[in-house]
Structures are given as structure tokens and as C-alpha cells.
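Take a look at the structure below.
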Amino acid sequence: MNGQPPIYGLLADFETPDALVGAMDRARQEGYRKLEAYSPFPIDELSTFEGRHRTEIPAIVFLGGCVGALGGFFMQYYAAAIDYPLNIGGRPFNSWPAFIPVTFELTVLCAAVFGLVGMLALNGLPRPYHPLFNVPEFARASRDRFFLCIEAGDPKFDPVATREFLAGLKPAGVMEVPP
């Protein structure tokens, strides 16, 4: 160890959205990949820098639907045919058409619950703490400033070289983000 505490990354503060978009473009051209832009409002140009990636949400929702359908059907089958069979009008104990409404409702309910929990888990939420909250200037990200953070986990990250690179983009300031 070199005695210095590890850092989360470096944060550059920009005054305009155009400066942030230009900085993001330059950072991508330089080879940085673990970076994030923060602004008080959506900037359409930033979406072009986001890579397309597949999500597991459809598979999670499908799994939830299957669990709900099977659970709903077999819950009713167990109650009607195994645990408390009643001979009502000569109908069979496994009268599956009567099981359809509950099976459908549990399919929808479980798919929605699995989707919500899966989305929260994949997004890392809830997240009451983030290292950027330790930088006092970052509070302006929700009002009037635009920030670019290059994370220390980036393969190209070097504290000195990355700081020089960010300073060359002419930000209002470059801050170190503690972990």
C-alpha cells in the first residue's frame, strides 16, 4: 500500500450542459468507460454515450408469472382434491375451469411483484448512501451544475493523469471523491 486512502473517483464540475456533453465525448474518445454524468435535468445528447445492454427483467417477470400460475393452480388443486374433497353435483375433484380466475390473478400478482423486486435489486436500490454525497459541491447537481465522474475502477484510471485530463476540459473545478 502507498499510504494514501483509496478514492471513489474524480469529479469535474461544469457550468453548462454543452460543456458536460463535450467532456463526456472526449472522455469516451480517450478510452474511459466507467464514468457517469449528473445534471439537474435530462440531456438527450448524453443518451448516445450509454451502451445498449440486455436486461434480466423479462426473464424475472416470466419466472414470477410461472411461480404465480403454478402456485395458484396447485393451491386450489390441493384444497379441492386432496385436503378437503367435496362431491358437489358429481363434478370431478380436479375441476380446473373453476381454478382459472385465481390462477390468472396470482400469475399477474406474482409477475408484478417479481418484476418490482427484480428491478430494485438490479438497480442496487434502495441506496441511502453514495460516495458522491461526501463532496459538498455535488449538492448543486440538482440545481444548476453539471458533473462528470470518472470512477477509480476504470481500467484507464490513474489519479494524476485523469486529473490532468479533466483539468484540460476546462471545468470549474476537479474534486477527489472519497470512498
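The values are calculated or read from the model by the stated rules, or taken from the named source; none is laboratory data. Every value quoted in this text rests on a predicted model; they were computed, and no experiment measured them. Cβ atoms come from the backbone with ideal geometry, glycine included; neighbour counts cover every protein chain shown.
For region 114-130, the criterion of a residue being aromatic (Phe, Trp, Tyr), surrounded by 14 or more Cβ atoms within 10 Å (Cβ to Cβ) and in contact with a Lys or Arg (Cβ under 8 Å, 6 or more places away or on another chain) is satisfied by no position.
Each row is one residue, and each column tells you yes or no for (1) in contact (Cβ under 8 Å) with a residue 60 or more places away in the chain; (2) in a loop (DSSP other than H, G, I, E, B); (3) over 26 Å from the mean Cα position of the chain (by Cα).
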| residue | (1), (2), (3) |
| --- | --- |
| Phe138 | yes, no, no |
| Ile150 | yes, no, no |
| Gly153 | yes, yes, no |
| Lys156 | yes, yes, no |
| Ala161 | no, no, yes |
| Leu166 | yes, no, yes |
| Leu169 | yes, yes, yes |
| Val174 | yes, no, yes |
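Number of residues in region 108-136 that are closer than 28 Å to Glu15 by Cβ and part of a helix (DSSP H, G or I) equals 5. Taking every residue in region 14-29 that is assigned by TED's automatic domain parsing to the domain that holds Thr162 and loosely packed, with under 15 Cβ neighbours inside 10 Å and pairing it with any residue that is among the basic types (Lys, Arg) and modelled with pLDDT under 95, at least 6 positions away or on another chain, the pairs with Cβ-Cβ distances below 8 Å are Glu15/Arg145.
If I filter region 144-169 down to residues being under 16 Å from Ala37 (Cβ atoms) and aromatic (Phe, Trp, Tyr), which single residue comes out as surrounded by the fewest Cβ atoms within 10 Å (Cβ to Cβ)? Among those residues, the one meeting the criterion is Phe165. Screening Phe93 against (1) over 31 Å from the mean Cα position of the chain (by Cα); (2) in a helix (DSSP H, G or I); (3) among the aromatic types (Phe, Trp, Tyr) leaves a single unmet condition, (2). For region 10-44, a residue qualifies if it is under 20 Å from the mean Cα position of the chain (by Cα) and either of a type outside the set (S, T, N, Q) or part of a helix (DSSP H, G or I) (or both), and the qualifying residues are Arg33, Lys34, Leu35, Glu36, Ala37, Tyr38, Pro40, Phe41, Pro42, Ile43, Asp44. Restricting region 56-96 to residues that are at pLDDT 90 or above and loosely packed, with under 11 Cβ neighbours inside 10 Å leaves a set whose member that is farthest from Cys149 (Cα to Cα) is Tyr84. The residues on offer are Ala141, Ala172, and the sole one that is modelled with pLDDT under 95, buried (at least 18 other Cβ atoms within 10 Å of the Cβ), aliphatic (A, V, I, L, M) and in the same structural domain as Asp18 (by TED's automatic domain parsing) is Ala141.
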